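The values are calculated or read from the model by the stated rules, or taken from the named source; none is laboratory data. Here the structure is a predicted model, which is why all the values come from computation and not from measurement. Note that each Cβ is placed from the backbone with ideal geometry, even for glycine, and that neighbours are counted across all protein chains shown.
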Amino acid sequence: MKQLTKRIFPLFLSLLLMLSMGVTALASGEGNIDGGGGGMGSGTATDVWHSQDGVRITVVTAEGSVASTPFDLSNFNISGDILHFGKVSKLQYSGGASLSLDAGTYVCSKPGTALPRIISGTRSRASIEAIRRYFCSEYAAQLVADKAGIPFEELISGSYKLVIEPIAYFTHGGRNYAMTATEAALYNQRSGGTLRSKMPSLTHQNLPLSIFLETPDLGYPAWGGTTSGKVSDDEILSALGIGIVSYKDVPEAELQAPDYTYRVDTDVITSITLTSSAEVNPDDPASVTFHINGSSYTVNDIVMPAGGSQVVWAKWHTPPEPTTLTIQVSVDGASTAKTSFIARIISLEENLPPDPLATDTNPHFSTPSLPSNPQKTSASWSVWSARWHAKWEWESDWEWEDGSHGSDCPADCTSSHGKWVDNGEWVDNGWYDFTTTSYSASLSGSMEIHPDDIVPTAQGDTMKSGYGIKEGATAVFSSNAPGSHYAPAQTAVSYFPEFGYDMYWRLLSCSGGNTATFAFKPNEYSTYNRNVHFTPVWYPDNAAYTVYTYIIDAWTPSGMLSVNVNDAVQIQGSLFDDWYSKRE
């Protein structure tokens, strides 16, 4: 298998990935890729896209004959209760297949290695480089081979191509749909233009323009039209919403999972462990330099006993925008297992909850279980130091000193005269004593949620649904180490029951410091710009509305500390109960 990977992966990735704001980007290699798109608008309760996307993949022969049943992939847990049109590819629709509503349960697979963003939205942006890297990887080829039921060696032989189509999951007319760009255009034609009238930014701009061909292939032309405006049904059906990957004998494009995942604009620590079979002492200490995002961080005077190890780290600040970095490490005087790392810098601002409306309903809601993310509340590490242990010892150096004949010596004396003299010196035959200084850190957290101060009918922590809640969370970081050893908690993310503690979240503001406080940021949908989250108006009575918060980004040389916290208010009634007129 290892011999095969040297020759299988395509650089003929004819994809266009939509980038908001009309930004154009080119990826390296032989693939021809352009980008376009635009803003999404806010939508309505019955017609809205919740930033959920995926792809439909069909394996075809090099001549364009369908060789496998199409299958769908998405990072989101898409419910089976969704309207769809089966697994039909653009090639099949072009060949005369008609749009037919499938009454069966929708099936979509969630890949083990997450897909990159496919369709850019208002707060999240697709990356051409990331999509190219994903679909040109060995992982993707293995995944497609397994899903399509085609032997891996056969799939990569050059006899097949992948047809990739973007999928959007959205609400239209109060019902949930899964549609490719081609299906959206066909549905719009059949329904008399309802999609284009209700959701033009999604179905007739960002979805079809997210992927298209730059060079003609399989009978579809290259797209040379707009990359940031609305397109017609005919344009979508003839040229848009399709990308093609050709497996040829070209070098591998490797898909690498990140070694580290950090948040944007955050103090973090990157660490490695040094080892040495020989003593590393102050006479010849080790040193390490971390090369990160154009800056270098050097640690000198590292010591350790023979056969020992030492954690070494750099404290640095991540960029303000999402990106992927390669961290290189130079080591002198010792050894380490790995000197190159991939760091993925992500933003948590991309999945804010949508505008809650008075017309929202959710009759099948059941209270979800609270999540339990990995929690690490303490860490320890140590630093070697060395001190000279003196041991003075006399080192003899005996030498013979000749003597003269004395007056009492006979004239015919032939014996030599002299004595042995020790011309030695005191020598320090000492050694280095190695000791460790131990450090530790701990993180504790707490949180409270309460009705917003302006909720008119709240009684303590009992409130009507539809009003806002406020949150206060606290993270206490304690350590006996110098400040260069750690970064206290900087990030808190809150999740909500109406979204299953998934899909949408709020990144809280942070006061900073070893005792950090967190609160909701101003809500863009609040008339009074309050720092709140609105409870859904449909939330059931006599139920606890529990907010879960994950406090993270407390960094130490031994990794990140994190803690789970939660709190609840009680829901009784809805805000509609406060709106009535009394008639005599």
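A compact table of results
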| read-out | value |
| --- | --- |
| Qualifying positions in segment 436-460 - polar (S, T, N, Q) and loosely packed, with under 13 Cβ neighbours inside 10 Å | 437, 438, 459 |
| Matching residues in segment 184-193 - criterion: being part of a helix (DSSP H, G or I) and over 13 Å from residue 232 (Cα atoms) | 190 |
| When residues of segment 286-302 are limited to those that are part of a strand (DSSP E or B) and of a type in the set (Gly, Ala, Ser), the one surrounded by the most Cβ atoms within 10 Å (Cβ to Cβ) | 286 |
| Flag for residue 88 being at pLDDT 95 or above and assigned to a loop (DSSP other than H, G, I, E, B) | yes |
| Residue under evaluation residue 107, criteria (1) in contact with a Pro (Cβ under 8 Å, 6 or more places away or on another chain); (2) at pLDDT 85 or above, criterion not met | (1) |
| Qualifying residue in segment 303-323 (condition: crowded, with 19+ Cβ neighbours inside 10 Å, hydroxyl-bearing (Ser, Thr, Tyr), over 23 Å from residue 53 (Cα atoms) and within 22 Å of the chain's Cα centre (by Cα)) | yes |
| Scope segment 177-232; condition within 22 Å of residue 81 (Cα to Cα) and of a type in the set (Phe, Trp, Tyr); matching residues | 177, 187 |
| Extreme residue, nearest to residue 168 (Cα to Cα), among residues of segment 188-237 that are surrounded by 24 or more Cβ atoms within 10 Å (Cβ to Cβ) and hydroxyl-bearing (Ser, Thr, Tyr) | 203 |
| Segment 119-130, subset more than 15 Å from the chain's Cα centre (by Cα) and modelled with pLDDT of 70 or more, residue surrounded by the most Cβ atoms within 10 Å (Cβ to Cβ) | 119 |
| Some residue of segment 69-84 being small (Gly, Ala, Ser), assigned to a loop (DSSP other than H, G, I, E, B) and closer than 21 Å to residue 117 by Cα | yes |
| So residue 324, is it of a type in the set (Val, Ile, Thr), farther than 23 Å from residue 275 by Cβ, part of a strand (DSSP E or B) and assigned by TED's automatic domain parsing to the domain that holds residue 278 | yes |
| Inter-residue pairs, beta-carbon under 6 Å, first farther than 12 Å from residue 420 by Cα and in segment 390-402, second among the small types (Gly, Ala, Ser) and surrounded by 10 or more Cβ atoms within 10 Å (Cβ to Cβ), 6+ apart | 390/430; 391/430; 394/424; 395/424 |
| Test: residue in segment 209-225 that is over 21 Å from residue 56 (Cα atoms) and in the same structural domain as residue 52 (by TED's automatic domain parsing) | yes |
| Pair list, Cβ < 9 Å and 6+ apart or interchain, from segment 423-441 residues that are touching a residue at least 12 places away in the same chain (Cβ under 8 Å) and part of a strand (DSSP E or B) to residues that are exposed (fewer than 11 other Cβ atoms within 10 Å of the Cβ) and among the hydrophobic types (A, V, I, L, M, F, W, C) | 425/394; 426/392; 426/394; 427/392; 427/394; 428/390; 428/392 |
| Residues located in segment 283-321, provided they are closer than 12 Å to residue 273 by Cβ and in contact with a Phe, Trp or Tyr (Cβ under 7 Å, 6 or more places away or on another chain) | 304, 308, 310, 311 |
| Elements of type strands (runs of 3 or more DSSP E) contained in segment 474-573, each with 3 or more residues being crowded, with 21+ Cβ neighbours inside 10 Å | 491-495, 543-556 |
